[in-house]
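Working notes, beginning with the structure itself.
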């Protein structure tokens, strides 16, 4: 709490200094304009606690270095001395190390503490806040009472105002509907004086000065320890008086006469002993001599021009945004933010650039879909003519094909497909397939066109793949109609272009045939072929597609068949990534089927460990809410999700410590630490997040960590928060065992150390 209060104080001082510099540089003299600028500073200062919790933050190393606390919560990671290299987490030692294993977080020993200065400081702060707030509350209550007791004046020269014996001088009271309260002797005032006073007070009401001043007093309660809050309250009060004085002079009142009115009102207040015995209910008495001197100078400062006002607003807004969004960090060299090279976009910028591009494409598709729905046949024919003249126009192709789909015009779509097969078989736009059940003649015509294309010696690998897909027609049938011909085409393409990847389309075709009707003659031939195959990639791809497809026939165990292909692939190539991923997926599915069939109370320790790991892992990437959900609900849901996952992660670490030889031990340590890293990041504790990230990278490599993807979402955030060295270490360690993006990770780590921000794709670690 003390660190947060210090950070708020420094931010507020920087905002005030920046605003003062802008007003001075642009020579803004108008009291109303200056009052508006300082009102914005007041609102920003009041909003700092909420902004510090939920607002975006950048890193600015301006605070003095703070030594880490000697004692820590028993569930927290130990603080590291600044001299330690790379923020690497220390391994546990002693008896606890044997219980927890080498990669679990430990807590420092808790020494006896007689005096907790943080709690004492918090107590002093709350006491000061309580006293100040009680004064403000009492003043607010007295002000409301004053308004209720004041008598309504209905005379033409004072319509809408009130009078009270409790006032020695005019007051304007109220937040949303301010009320002018005059002393009882106002009827004896000269008409000119009354007009000047009412002009002044009504200007207060029009500008909502009582509300601004009440907020200034509230700000003084919150930041009672900060000299800026006291200065800001006095400054706003003085500027409000000056702005209203300027309104009186603009109305044509003589400056000398108006000064005499003010002196006489001051004498009345002096005779009464106080303006009003209510704390914080009305405007403070500004320095009378300064006001009179300003009035007698003659004239009123002109308001700034539109251009100057716009420049001042922009500069003040930027000043407030920059210093409000800064995450102030210790300036000690050991904890200074590690900066990127000049001109580097942040990770957040890179992510938003990609998201904006996706959003633009989605918006374009939505627009094209709407246009396709509204097309008339004549307009569609015109678009088809344009498309044939420019067949690689992707948006136009999208709109025309969707038009045919919306209208149910299979004849038109088939005609366009046949045209593309004949004229653009290997072009940018892949031709559609034709369903033989809907239009057998068109389907046969398409077959002849594809066979003619394959006879062309210039036919490339993509034409072979497209032709095979047309013959296989995988989308609408369990059993492809011309699967043998599709296989022949793929094998011919493989012989002509051996460097291309043919295992994927062949595996997809074989899986569709076998899963569609495993007892069909052709399916049996393919099963025999795969049983004798020495191509590990083909076996792995077939297994992968097989476990993805819905099985139409009973009595066929797709998982068992896929497992046999995976086992054979791994016996040929033990490092085949596709085979390992399918093996992991099948193994997890079988395990959880067995667990569902067993009472949780009778689960062995290994199943309980795997269940907790699965919960933590899924919560990391599957916890996003729909963007249509209101933002406050999404934020609350995210907080609850992260807090719940943090508890599960700690339970998972405890279970891993009890079972260090479990095959899932490394997965448990990795994903638990990643979840704790995310929770620390969510709280704004970047140092703890960096330590958990490194602890995750020290987990013993498992099949899952070697061959699966590793989520880099938290790593991206830590780069922007200045923990570049920790992220570089994490990537370097993972690159040594991860076969998915190991080479990329090593290159990214090198770039980060050079100050470059690579676009770390935040893909998740799900199978």
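The values are calculated or read from the model by the stated rules, or taken from the named source; none is laboratory data. Because the structure is predicted, anything quoted here is derived from the model rather than measured. Methodologically, a virtual Cβ is constructed for each residue, glycine included, from the backbone with ideal geometry; neighbour enumeration extends over all protein chains shown.
Can you say whether residue 193 is touching a helix residue (DSSP H, G or I) at 6+ places or on another chain (Cβ under 9 Å), in contact (Cβ under 8 Å) with a residue 40 or more places away in the chain, in a helix (DSSP H, G or I) and over 30 Å from residue 13 (Cα atoms), as far as the supplied structure shows?
yes
In region 142-174, how many are in a loop (DSSP other than H, G, I, E, B) and touching a residue at least 60 places away in the same chain (Cβ under 8 Å)?
Count: 5.
Does region 229-251 contain any residue that is in a loop (DSSP other than H, G, I, E, B), in contact with a helix residue (DSSP H, G or I) (Cβ under 6 Å, 6 or more places away or on another chain) and at pLDDT 80 or above?
Yes: one or more hits.
Can you say whether residue 191 is under 30 Å from residue 258 (Cα atoms), at pLDDT 85 or above, loosely packed, with under 13 Cβ neighbours inside 10 Å and in the same structural domain as residue 214 (by TED's automatic domain parsing), as far as the supplied structure shows?
yes
May I ask you to list the residues in region 405-416 that are within 17 Å of residue 470 (Cα to Cα) and in contact with a helix residue (DSSP H, G or I) (Cβ under 7 Å, 6 or more places away or on another chain)?
413, 414, 416
I need a count of the residues in region 435-473 that are surrounded by fewer than 21 Cβ atoms within 10 Å (Cβ to Cβ) and at pLDDT below 90.
Going through region 435-473 one residue at a time, the tally reaches 6.
Taking residue 417 as the residue in question, decide whether it is surrounded by fewer than 21 Cβ atoms within 10 Å (Cβ to Cβ) and over 24 Å from residue 540 (Cβ atoms).
It is false that residue 417 is surrounded by fewer than 21 Cβ atoms within 10 Å (Cβ to Cβ) and over 24 Å from residue 540 (Cβ atoms).
Give me the residue from region 175-188 that is part of a loop (DSSP other than H, G, I, E, B) and surrounded by fewer than 18 Cβ atoms within 10 Å (Cβ to Cβ) and, out of that set, modelled with the highest pLDDT.
Only one residue fits best here, namely 177.
Each row is one residue, and each column tells you yes or no for (1) outside the structural domain of residue 734 (by TED's automatic domain parsing); (2) modelled with pLDDT of 85 or more; (3) closer than 23 Å to residue 741 by Cα.
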residue	(1), (2), (3)
590	yes, no, no
661	no, yes, no
665	no, yes, yes
682	no, no, no
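Which residue, of 689, 746, 699, is assigned by TED's automatic domain parsing to the domain that holds residue 661, free of Cβ contacts under 8 Å to residues at least 60 places away in the same chain and buried (at least 24 other Cβ atoms within 10 Å of the Cβ)?
Within the list 689, 746, 699, the selection yields 689.
I'm trying to understand the selection: among the residues of region 486-521, which are in contact (Cβ under 8 Å) with a residue 24 or more places away in the chain and more than 19 Å from residue 546 (Cβ to Cβ)?
The answer is 489, 492, 493, 496, 497, 500.
For the subset of region 376-409 comprising residues that are over 39 Å from the mean Cα position of the chain (by Cα) and part of a loop (DSSP other than H, G, I, E, B), which member is nearest to residue 425 (Cα to Cα)?
Filtering region 376-409 for residues that are over 39 Å from the mean Cα position of the chain (by Cα) and part of a loop (DSSP other than H, G, I, E, B), the one nearest to residue 425 (Cα to Cα) comes out as 391.
When residues of region 621-659 are filtered for being within 18 Å of residue 694 (Cα to Cα) and modelled with pLDDT under 50, how many remain?
Number satisfying all stated conditions: 0.
Can you say whether residue 681 is farther than 24 Å from residue 342 by Cα and surrounded by fewer than 17 Cβ atoms within 10 Å (Cβ to Cβ), as far as the supplied structure shows?
Against the criterion (farther than 24 Å from residue 342 by Cα and surrounded by fewer than 17 Cβ atoms within 10 Å (Cβ to Cβ)), residue 681 does not qualify.
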